[in-house]
């Protein structure tokens with residue numbers, strides 16, 4: 001099969017298109033013919049092997065397998081002997097067994113419990129955009145943030161991969177939603193259901209008078225003290241990024257809020273999010289009810305995976321970036 005592989009850590013330039021063997025499957029595994037793969041910033045981290053903690057999963061000295069990506073949508077090619085939920089030909093989406101089987105390949109293997117039947121109203125590209133980013137938004141708001149109907153929530157980074165889902169999920173949970181984004185994305189965020197939209201080039205939410213019960217911070221581009229200033233007296237801050245630092249500074253950024261939380265009036269949380277079948281079922285229900293829709297900024301053919309990751313690393317993607325197995329497709333943009 002054709003796949004995008006890497007033999008060492010580095011920037012997207014280390015990726016190359018190669019012919020490799022199709023992955024084998026175990027008794028409870030499924031072989032999926034991949035039609036589309038969804039990428040996110042974590043995939044760029046995996047390619048670079050930085051921040052260093054990603055190497056505990058992908059390999060300390062070098063990539064264990066070297067095919068990037070975990071979010072897939074496609075058609076079941078074969079099933080293991082103990083698989084009961086799927087049959088060859090089923091259209092599915094979910095997560096493959098990264099790092100031992102990556103999404104940026106013509107075939108990927110997955111555990112039966114990490115796949116769902118693709119909603120009929122979604123294209124393969126839209127379905128591949130869901131698993132990691134939509135799950136992260138759900139975990140940040142529902143689980144870490146414990147969002148309740150009627151609360152005021154602010155989404156910092158409302159136009160990105162996690163942010164576009166967070167706006168919609170917060171509205172579906174009954175919150176009053178404020179989204180923070182750049183000027184070119186104001187109408188997009190409003191169309192997703194935000195009650196209020198702040199253009200960060202014109203207004204700094206940390207300097208305003210509004211106070212929020214919950215802030216979901218996908219950017220972490222303000223100091224912790226400044227962001228907390230925008231919280232209600234017993235508000236919750238959910239930190240989703242951790243970027244903006246390196247080395248020891250990154251470790252401090254990641255750990256400090258968690259250590260501080262028991263000693264301050266605000267609840268400071270940094271959740272770990274892994275897509276689970278039961279959460280994908282919740283997200284699928286929201287899609288089918290019309291409460292959630294994927295936003296796709298760009299699609300790239302498999303051969304241009306490196307360019308897709310470079311674009312993600314700019315931090316300016318509107319929603320999701322998708323790899324399609326249609327090798328002859330020109331790059332497309334739009335939502």
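Would you call residue 19 surrounded by 18 or more Cβ atoms within 10 Å (Cβ to Cβ), at pLDDT 95 or above and either out of contact with any helix residue (DSSP H, G or I) (no Cβ under 9 Å at 6 or more places or on another chain) or in the same structural domain as residue 302 (by TED's automatic domain parsing) (or both)?
Working: surrounded by 18 or more Cβ atoms within 10 Å (Cβ to Cβ): no; at pLDDT 95 or above: yes; either out of contact with any helix residue (DSSP H, G or I) (no Cβ under 9 Å at 6 or more places or on another chain) or in the same structural domain as residue 302 (by TED's automatic domain parsing) (or both): yes.
So residue 19 does not fit the description; no.
Considering only the range 127-215, give the helices (runs of 4 or more DSSP H) lying wholly within it that have at least 3 residues that are without any contact (Cβ under 8 Å) to a residue 24 or more places away in the chain and assigned by TED's automatic domain parsing to the domain that holds residue 72. Write out each step before concluding.
Numbers: elements: 131-138, 161-172, 186-191.
Fully inside the range 127-215 and qualifying: nothing.
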- Message: Filter the range 169-190 down to the residues that are closer than 15 Å to residue 148 by Cα and surrounded by fewer than 22 Cβ atoms within 10 Å (Cβ to Cβ) and list them by number.
- Response: 171, 172, 173, 174, 176
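Could you check the range 63-126 for strands (runs of 3 or more DSSP E) lying wholly inside it with 1 or more residues that are under 13 Å from residue 30 (Cα atoms), outside the structural domain of residue 41 (by TED's automatic domain parsing) and modelled with pLDDT of 95 or more? Before you say what the answer is, go through the steps one by one.
Details: elements: 71-79, 91-95, 107-111, 115-117.
Counting at least 1 such residues, we get no strands (runs of 3 or more DSSP E) at all.
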- Query: Out of 122, 154, 115, which single residue is crowded, with 24+ Cβ neighbours inside 10 Å and under 18 Å from the mean Cα position of the chain (by Cα)?
  - Reply: 115
- Message: Could you list, ordered by first residue, the pairs with Cβ atoms under 8 Å in which the first is in the range 264-275 and touching a residue at least 12 places away in the same chain (Cβ under 8 Å) and the second is part of a loop (DSSP other than H, G, I, E, B) and surrounded by fewer than 19 Cβ atoms within 10 Å (Cβ to Cβ), at least 6 apart or interchain?
- Response: 270/242
- Query: Within the range 1-39, can you find the residues that are under 18 Å from residue 64 (Cβ atoms) and part of a strand (DSSP E or B)?
  - Reply: 3, 4, 5, 16, 18, 29
- Note on the structure: Over the range 269-312, the set of residues at pLDDT 95 or above and part of a strand (DSSP E or B) is 296, 297, 298, 299, 300, 301
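The values are calculated or read from the model by the stated rules, or taken from the named source; none is laboratory data. What you are looking at is a predicted structure, and each value in this text was computed from that prediction instead of being measured. Backbone-built Cβ (ideal geometry, glycine too); neighbour counts: all protein chains shown.
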